[in-house]
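The values are calculated or read from the model by the stated rules, or taken from the named source; none is laboratory data. Values in this document were obtained by computation on a predicted structure and should not be read as measured data. Glycine also receives a Cβ, built like all others from the backbone with ideal geometry; neighbour counts cover every protein chain displayed.
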Amino acid sequence: MAGETRLVYEFEKNSLETVRVSLKTYRGTHVIDVRVFFPVGGGDHKPTRKGLTISTTLLPQLARAVVALQEAIEQELDSFQSPRQRV
């Protein structure tokens, strides 16, 4: 993977921006890059400064953080439901 970028996942953030999750090599270290991209014309996209780049060794912690975030969001949404809406 030296010097190359492998796009792993992409999703639309809004009508103008997309988020790309990639595997890269940066200064000899394998990293995960989660970055916002914007269109520049002709089907090309450029990265913004908005994003996160971390070592692949931190993937387990990132995965736990995403699970914890999902649980927190579910709790938050549940607390906004009226008592009649709760099942």
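Do you know which of the residues in segment 31-60 that are more than 17 Å from the chain's Cα centre (by Cα) and part of a strand (DSSP E or B) is surrounded by the most Cβ atoms within 10 Å (Cβ to Cβ)? Ranking the candidates gives 39 first.
For segment 34-87, the set of residues classified as under 30 Å from residue 16 (Cα atoms), at pLDDT 95 or above, of a type in the set (Val, Ile, Thr) and out of contact with any strand residue (DSSP E or B) (no Cβ under 8 Å at 6 or more places or on another chain) consists of 66, 67, listed by residue number. Any residue in segment 8-26 that is without any contact (Cβ under 8 Å) to a residue 12 or more places away in the chain, closer than 18 Å to residue 63 by Cβ and in a strand (DSSP E or B)? For segment 8-26, residues without any contact (Cβ under 8 Å) to a residue 12 or more places away in the chain, closer than 18 Å to residue 63 by Cβ and in a strand (DSSP E or B): present.
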